[in-house]
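The values are calculated or read from the model by the stated rules, or taken from the named source; none is laboratory data. Keep in mind that what you see is a predicted model, and the values were worked out from it rather than measured. Methodologically, a virtual Cβ is constructed for each residue, glycine included, from the backbone with ideal geometry; neighbour enumeration extends over all protein chains shown. Just so you know, the surface numbers come from the protein's heavy atoms only, side chains and all, with ligands and any DNA or RNA stripped out. Shrake-Rupley method; radii C 1.70, N 1.55, O 1.52, S 1.80 Å.
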Amino acid sequence: MSFSSPRRHRPSRASSLNLPPNFFARAIETMRRPDVLFRVSAFIVAVLVLWLVTGAGTPPFAYRRGDVPQRKIIARVNFQREDDAETEKRKEEARRTAPAVYENDSRLLEEKRQELTNKVGRLVQAESFDGVQAKPELKEIWSELSPPLMRSDEEERQRFDALRTYFTAGMDSNRFDEAIKRALSPLEKSGLLKELKHKPEEGSQINLLVYSAGNKRQTHEVLVDEVRIDKVKPALRQRLEAQLKAQGGMAANAAVVAELVYAWLDNRLPETLRQDQNASLEERARAVAAVRPVMVDYKAGIAELAPGGKPLDAAEVELLRLEYDTWIAQLAARDILSRSFATLGMYLALAILCGFYIYHRRPALLTDFRQYATLLTAVVVAVSLGWLFSEDNFRAEIIPLLIFGMTAAIAYEKELALLLSAAIALILSFALDQGLAQFVVLVSSVAAAILLLRRIRSRTKLIYVGAFTGIVVMLTTIGVGTLVGQAFGPTTRFISWMRQHFGPYHESFPVTLLAGAAWSGFCSLLAGVLMTGLLPFVERVFDVQTDISLLELGDVQHPLLQELVRRAPGTYNHSINVASIAETAADAIGANGLLVRVGAYFHDIGKMLKPSYFVENQGPEGNRHESLQPAMSTLVIIAHVKDGADLARQHHLPQSILDFIEQHHGTTLVEYFYRREAQRLKDDPDAGDLDETTFRYPGPKPQTKEAGVLMLADVVESASRALIDPTPARIESLVHDLAMKRLLDGQYDECGLTLSELHTIEDSLVKSLTAVYHGRVKYPEHQTV
């Protein structure tokens with residue numbers, strides 16, 4: 001009988017191992033979390049917006065004015081271009097030959113006809129020529145019909161007799177009026193005009209469009225000679241004689257009557273035409289609109305659009321743009337989709353690369369959705385403005401890129417700012433099809449700005465950064481442009497200004513290159529100026545503080561500090577001392593000493609609510625904790641952290657200062673009251689167990705090096721006051737013991753301090769405290785016996 005254990009097979013032994021999930025399993029599990037899905041969705045939306053803003057993958061138009069093609073550019077597709085000069089010439093001809101529009105008021109001519117009929121009717125009622133001469137009124141009418149010439153009285157008498165005989169031989173006033181009306185009918189229809197009212201450039205001088213008054217819709221065309229009074233008189237005389245003869249009577253008498261009527265009308269024909277300015281303008285506009293554009297054909301593979309080796313001018317860029325639009329319109333949907341998806345994939349890969357860097361180097365950006373959304377928005381805005389400002393009239397895509405780079409350097413660290421700015425520069429260079437040379441110029445400019453941007457302690461700092469960046473950009477532009485033979489020309493407006501002041505010489509490559517470099521340098525300077533104005537908004541949106549805002553915040557006239565002086569003068573004095581020694585220690589390890597100093601000013605503001613419970617503010621009334629249980633005293637002591645944070649929020653202190661208030665004690669133990677409670681429980685056998693967690697601060701532990709420096713500076717400044725004889729050796733031993741105690745307690749686990757930096761901090765604090773408690777010579781009168 002065997003008592004050995006059953007043999008386990010290899011598969012069963014392997015399955016008994018509980019191995020942790022692999023990378024892909026952990027990734028899938030993480031992606032299932034709602035907060036992660038929400039952030040991934042925002043990430044994808046940002047990438048899609050970038051893709052849409054930059055043309056959704058549509059091939060960009062790569063040419064700008066001043067660019068120097070390496071070889072001549074040949075048309076890729078057949079297209080047509082309008083010959084603007086020839087088309088404009090034809091339009092001008094149409095504008096000049098379009099008939100002007102006149103309004104005809106025929107009532108003026110009708111009134112003259114009626115006046116003539118009335119006067120002739122009154123005149124023929126006289127019995128004889130002597131009767132006419134006897135009456136002044138009839139004499140005046142006769143003088144109008146037969147103006148005084150070198151005729152005798154007998155001839156005048158014969159003319160009157162012929163007129164009267166014409167009427168007495170069967171003619172009456174109605175038939176006479178009808179004959180005159182028929183003779184004037186063409187003039188009533190076409191109108192009369194002494195001379196044209198419009199200039200040659202305002203319309204045709206050969207024909208007109210005429211419409212009757214009140215009937216603007218019905219117009220008819222007439223020749224100018226048909227309406228000019230001096231041109232229509234001969235025909236009018238002939239029609240008068242013909243119409244009067246047609247009414248009956250002797251031909252000789254009709255000829256005399258026609259002569260008399262013509263003599264009266266000769267100087268009395270009215271102008272019945274008046275130019276209609278609005279209608280004339282509309283007619284010229286219709287004539288111009290009817291002109292068909294003159295087109296020039298360009299054949300694919302044959303037509304040369306621009307020569308190689310010379311800067312492109314405005315006309316060549318316009319021609320290239322027309323060819324590009326035609327080419328885009330003829331692209332197959334498959335080609336457009338393939339390029340679009342390839343572009344989207346490149347953007348997505350670039351964004352994932354930046355995301356991995358942030359995940360490993362700055363995970364707080366991903367956990368805090370407000371910061372995460374702010375970063376995504378800033379990237380989208382920078383790319384959008386860069387795309388917008390890249391238009392040929394601006395060529396200022398460097399401005400939003402520099403502003404983003406400086407903003408990222410202020411809000412985050414320089415490494416992340418360089419990575420994100422380089423990614424944006426790559427997107428812009430690819431989306432604009434400007435090539436590697438433009439990418440080098442953009443990256444060099446933003447890298448110079450980020451590396452030059454250190455502590456911003458004055459309002460002119462950013463302007464100086466912009467100026468020095470401009471110098472770097474100018475030199476880089478000249479160098480890269482010389483290597484690749486590219487001008488990186490300035491804006492079209494800048495080129496026009498140069499042509500106006502310096503003539504056509506500026507079109508040469510060296511001058512265009514220098515002009516482009518100067519324009520890029522100016523844009524860099526402008527970015528620094530704009531960043532100076534935007535700095536307060538950047539600090540608010542990204543919740544960061546520059547040295548300028550910290551100096552303003554550290555003003556001793558701040559309401560919270562003034563209230564701290566009034567309520568807890570001992571705490572205020574402690575804060576000032578901590579600020580002094582902590583700033584020096586932070587500077588020693590390369591941290592932000594000014595931030596530590598300002599944070600130290602406010603780190604104990606919570607004590608002002610119960611100042612007498614803290615030893616530095618206690619006076620002759622004694623220690624209030626003598627009447628309290630250790631646990632209750634601990635609650636009072638610990639509460640100053642929460643009270644301070646609440647006061648900071650009420651007074652809108654920035655988050656970085658709030659972090660100092662909440663983290664300067666970490667999760668350390670309130671040792672004095674913990675030991676008192678331990679002694680009390682030891683003396684009382686019926687007491688329960690001692691819970692250490694109730695005597696610890698709630699935390700969190702210091703998250704930054706600056707918070708770690710403040711923690712140690714705070715405790716050593718307080719503890720050093722209890723030294724009876726603060727010699728340098730005792731101070732050094734005290735600082736080291738307190739530092740090691742917090743190190744072993746794990747208080748520095750999350751702030752990134754190294755042992756070397758901790759040692760440097762200890763040395764700085766020892767030197768500062770030794771200087772505070774330095775010895776002095778005792779004078780004889782002060783010596784005790």
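Listing for the model above:
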{"quantity": "Any pair with Cβ under 6 angstrom, 6 or more apart, that starts in region 336-356 at a residue that is farther than 17 Å from Ala425 by Cα and ends at one that is hydrophobic (A, V, I, L, M, F, W, C) and open to solvent by less than 60 Å² (accessible area, probe 1.4 Å)", "calculated": "Ser340/Ala56"}
{"quantity": "All positions within region 87-125 that are in a loop (DSSP other than H, G, I, E, B) and without any contact (Cβ under 8 Å) to a residue 24 or more places away in the chain", "calculated": "Gln125"}
{"quantity": "Residue in region 114-128 that is crowded, with 16+ Cβ neighbours inside 10 Å and among the acidic types (Asp, Glu) present", "calculated": "no"}
{"quantity": "Leading residue by the ranking (nearest to the chain's Cα centre (by Cα)) among those in region 542-587 that are modelled with pLDDT of 90 or more and among the β-branched types (Val, Ile, Thr)", "calculated": "Thr584"}
{"quantity": "Residue within region 201-209 that is assigned to a loop (DSSP other than H, G, I, E, B), open to solvent by 70 Å² or more (accessible area, probe 1.4 Å) and touching an Asp or Glu at 6+ places or on another chain (Cβ under 9 Å) present", "calculated": "yes"}
{"quantity": "Some residue of region 297-305 being touching a strand residue (DSSP E or B) at 6+ places or on another chain (Cβ under 9 Å), of a type outside the set (D, E, K, R) and open to solvent by less than 30 Å² (accessible area, probe 1.4 Å)", "calculated": "yes"}
{"quantity": "Subset of region 332-352 that is among the hydrophobic types (A, V, I, L, M, F, W, C) and loosely packed, with under 15 Cβ neighbours inside 10 Å - its residue that is farthest from Trp51 (Cα to Cα)", "calculated": "Ala332"}
{"quantity": "Filter result for Leu453 (among the hydrophobic types (A, V, I, L, M, F, W, C) and closer than 17 Å to Leu526 by Cβ)", "calculated": "yes"}
{"quantity": "Out of Phe404, Phe394, sole residue that is surrounded by fewer than 21 Cβ atoms within 10 Å (Cβ to Cβ) and not hydroxyl-bearing (Ser, Thr, Tyr)", "calculated": "Phe394"}
{"quantity": "Residue satisfying condition, being buried (at least 18 other Cβ atoms within 10 Å of the Cβ) and in a helix (DSSP H, G or I), within set Leu426, Leu451, Leu442, Leu436", "calculated": "Leu442"}
{"quantity": "Residue match in region 680-701 (condition: over 18 Å from Leu744 (Cβ atoms), free of Cβ contacts under 8 Å to residues at least 60 places away in the same chain and basic (Lys, Arg))", "calculated": "yes"}
{"quantity": "Segments classed as helices (runs of 4 or more DSSP H), wholly inside region 355-418, with at least 2 members that are within 17 Å of Val538 (Cβ to Cβ)", "calculated": "369-389, 398-411"}
{"quantity": "Residues that are open to solvent by less than 10 Å² (accessible area, probe 1.4 Å) and touching a Ser or Thr at 6+ places or on another chain (Cβ under 8 Å), drawn from region 626-652", "calculated": "Thr634"}
{"quantity": "Verdict on Gln80 being within 60 Å of the chain's Cα centre (by Cα), polar (S, T, N, Q) and either surrounded by fewer than 17 Cβ atoms within 10 Å (Cβ to Cβ) or at pLDDT 90 or above (or both)", "calculated": "yes"}
{"quantity": "Lone unmet requirement of (1) part of a helix (DSSP H, G or I); (2) over 29 Å from the mean Cα position of the chain (by Cα) for Asp297", "calculated": "(1)"}
{"quantity": "Matching residues in region 582-593 - criterion: being part of a helix (DSSP H, G or I) and open to solvent by 10 Å² or more (accessible area, probe 1.4 Å)", "calculated": "Glu583, Thr584, Asp587, Ala588"}
{"quantity": "Criterion: out of contact with any helix residue (DSSP H, G or I) (no Cβ under 9 Å at 6 or more places or on another chain) and either not basic (Lys, Arg) or not in a helix (DSSP H, G or I) (or both) - qualifying residue of Glu144, Glu178, Glu140", "calculated": "Glu140"}
{"quantity": "Output for region 260-286, where each listed residue is under 18 Å from Arg113 (Cα atoms) and touching a residue at least 40 places away in the same chain (Cβ under 8 Å)", "calculated": "Leu260, Val261, Ala263, Trp264, Leu265, Arg268, Leu269, Pro270, Glu271, Thr272, Leu273"}
{"quantity": "Leu244 being assigned to a helix (DSSP H, G or I), in contact (Cβ under 8 Å) with a residue 60 or more places away in the chain and over 60 Å from the mean Cα position of the chain (by Cα)", "calculated": "yes"}
{"quantity": "Qualifying residue in region 133-140 (condition: crowded, with 17+ Cβ neighbours inside 10 Å, within 19 Å of Asn253 (Cα to Cα), at pLDDT below 90 and not small (Gly, Ala, Ser))", "calculated": "no"}
{"quantity": "Filter pass, Arg361 being open to solvent by 40 Å² or more (accessible area, probe 1.4 Å), in contact (Cβ under 8 Å) with a residue 40 or more places away in the chain and closer than 30 Å to Leu208 by Cα", "calculated": "no"}
{"quantity": "Within region 269-292, considering residues that are farther than 21 Å from Asn104 by Cβ and either of a type in the set (Val, Ile, Thr) or outside any helix (DSSP H, G or I) (or both), the one most open to solvent (accessible area, probe 1.4 Å)", "calculated": "Arg292"}
{"quantity": "Test: Glu706 is open to solvent by less than 60 Å² (accessible area, probe 1.4 Å) and of a type in the set (D, E, K, R)", "calculated": "yes"}
{"quantity": "Extreme residue, farthest from the chain's Cα centre (by Cα), among residues of region 216-234 that are assigned to a helix (DSSP H, G or I) and touching a residue at least 12 places away in the same chain (Cβ under 8 Å)", "calculated": "Lys233"}
{"quantity": "Considering residues of region 87-105 that are among the small types (Gly, Ala, Ser) and surrounded by 20 or more Cβ atoms within 10 Å (Cβ to Cβ) only, the residue farthest from Asp433 (Cα to Cα)", "calculated": "Ala100"}
{"quantity": "Test: residue in region 762-772 that is within 55 Å of the chain's Cα centre (by Cα), part of a helix (DSSP H, G or I) and loosely packed, with under 13 Cβ neighbours inside 10 Å", "calculated": "no"}
{"quantity": "Given (1) modelled with pLDDT of 90 or more; (2) open to solvent by 20 Å² or more (accessible area, probe 1.4 Å); (3) among the aromatic types (Phe, Trp, Tyr), number of the condition Phe602 does not satisfy", "calculated": "(2)"}
{"quantity": "Subset of region 223-244 [basic (Lys, Arg), surrounded by fewer than 18 Cβ atoms within 10 Å (Cβ to Cβ) and either over 26 Å from Ser212 (Cβ atoms) or in contact with a helix residue (DSSP H, G or I) (Cβ under 6 Å, 6 or more places away or on another chain) (or both)]", "calculated": "Lys231"}
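Here is a yes/no grid of residues against (1) assigned to a loop (DSSP other than H, G, I, E, B); (2) loosely packed, with under 13 Cβ neighbours inside 10 Å:
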residue	(1), (2)
Glu29	no, yes
Leu48	no, no
Pro59	yes, no
Tyr63	yes, no
Pro69	yes, no
Ala85	no, yes
